[in-house]
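Just so it is clear, none of the values below were taken in a lab; they were calculated from the coordinates. Worth saying up front: this structure is predicted, and the values here are computed from it rather than measured. Virtual Cβ from ideal backbone geometry, glycine too; neighbours counted across all protein chains shown.
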Amino acid sequence: MAYNKFGNIKTVVFGIRFDSKAEAHRYIELRDWLNKGKIADLELQPVFQLCGLNGTPVCKYIADFRYYDLAAEKVIVEDVKGHRDAFYSLKAKLFLDNFGFPILEVKA
């Protein structure tokens, strides 16, 4: 078994390797929603460039999932979280400032 820095067990589902069982389980759920027509454009590990107030690139944020919620008619960016560290909190604030909507945190 392979563990990551927070003790999560890396898990493979449908040939895709996830950092945790919770993230893999969430993918199965989102894939089901996709098949039922609840969401569209499911993307894994989307990358976002985060910039400071003057537009200077600061860092990148890699989310777990991005998809379009058909009922809400909006894009959702998700992160499966079991542990919220200071670096992630900073990236979450920068994401909100840059894109105008928060990251949806799904509890592990």
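Order 20-31, 43-54 from most to least packed using the mean count of other Cβ atoms within 10 Å. Can you show the working numbers first?
Working: 20-31: 17.8, 43-54: 12.3.
For the peptides 20-31, 43-54, the packing ranking is 20-31, 43-54.
Between Cys51 and Asp97, what length in nm is gained on full extension when 0.36 nm per residue of separation is reduced by their alpha carbon distance? Intermediate results must be reported in sequence, preceding the final value.
Values: separation 46, 0.36 × 46 = 16.56 nm, distance 0.88 nm.
Additional length available on full extension: 15.7 nm.
Compare the peptides 57-67, 83-93 by average per-residue count of other Cβ atoms within 10 angstrom and give them in order, highest first. Please list the in-between numbers first.
Details: 57-67: 16.5, 83-93: 12.6.
Going by the mean number of other Cβ atoms within 10 Å, highest first, we get 57-67, 83-93.
For the chain, report the convex hull volume of the alpha-carbon atoms normalised per residue, in Å³, without decimals. Could the numbers behind the result be given before it?
On the way: hull volume 11.3 nm³, N = 108.
It is 105 Å³ per residue.
Evaluate the distance, in nm, between pseudo-label points positioned 7 Å from the Cα of Lys107 and of Arg17 along their respective Cα→Cβ axes.
3.0
Any chance you could run the full-extension gain for Arg31 through Ile9? It's 0.36 nm times the residue separation minus the Cα-Cα distance, nm to one decimal. Mind dumping the intermediate values first?
On the way: separation 22, 0.36 × 22 = 7.92 nm, distance 2.07 nm.
That works out to 5.8 nm of additional length.
Rounded to the nearest 5, what is the percent of antiparallel bridges among the DSSP beta bridges in region 47-106? Please report the intermediate quantities before stating the final value.
Working: 10 of 13 bridges.
So the antiparallel bridges amount to about 75 percent of the total.
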